[in-house]
Amino acid sequence: MSRRATGVFLPPPAIYLLFLALAWLLHRLWHLALPRNLWTHYFGWGLIDAGVLLMLWAGLLMLWRKTTVNPYGKPARLLEEGPFRFSRNPIYLADSLIYCGIALLWGSLWPWLLLPLVIHVMQRAVIRHEERLLVQLFGEAYRSYCARVRRWL
């Protein structure tokens, strides 16, 4: 399955990295600092750790169930177990947790101001296309899953 077929134009981690780079650049141009202390340090690393663990949990489950983790690939099965019980997109949720952890460590307002735009881009440029593909592949089973499990949390 090609990028054109799935509609995904950039790998999702690249989207988050581009927004982090934009936040860094904006911070260099217009310094909007937030207070940093021991709590923001620990909470920032805690979010990064939680994101990495969630990503590993979801990714390993996908590999174990022999379906693709590649957003350009064609899923072999619909997963409704593990982290997929509480989020239809646990890997993108993990990316968001890591993004927020980095934002806390940086102590800049810019990543927080860009966060709604990151989520919007992810939903429009990635998730919407993946959901359309999953409806085509799994039909009513996927619609039923969507009725039970939220997109993010």
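List of remarks:
- Ranked Trp24, Trp110, criterion: other C-beta atoms within 10 Å, fewest first: Trp24, Trp110
- Ser108 long-range amide H proximity, modeled H, under 5 Å: Leu34
- Relative contact order, whole percent, for segment 1-122 stands at 43, derived from Cα pairs under 8 Å and 6 or more residues apart.
- Choice from Leu133, Leu79, Leu25 showing the highest fluctuation, given a GNM over the chain with Cα pairs closer than 10 Å: Leu25
- Rounded to the nearest Hz, the phi-derived 3J(HN,Hα) couplings of segment 34-45 under the Karplus curve 6.51 cos²θ - 1.76 cosθ + 1.60 (θ = phi - 60°) are 10, x, 10, 8, 4, 5, 5, 5, 5, 5, x, 5, where x marks glycine and proline.
- The simple spin-label model puts a point 7 Å past each Cα toward its Cβ; for Phe86 and Ala21 those points are separated by 3.3 nm.
- For segment 1-144, the alpha carbon convex hull comes to 102 Å³ per residue, rounded to a whole number.
- Point-to-point label distance, Lys66-Phe9, nm (Cα→Cβ direction, 7 Å offset): 3.6 nm
- In Hz, Karplus ³J(HN,Hα) per residue of segment 71-81 (6.51, -1.76, 1.60; θ = phi - 60°; x = Gly, Pro): x, 8, x, 9, x, 8, 7, 8, 9, 10, 10
- Relative intensity, log₁₀ I(q)/I(0), of segment 1-81 from a Debye sum that treats every alpha carbon as a point, q = 0.16, 0.24, 0.27 Å⁻¹: -0.86, -1.20, -1.27
Read-outs throughout are calculated quantities, based only on the coordinates presented, and are distinct from any laboratory measurement. These numbers were taken from a predicted model, which means no experiment stands behind them. Note that we place each Cβ from the backbone using ideal geometry, even for glycine, and neighbour counts take in every protein chain shown.
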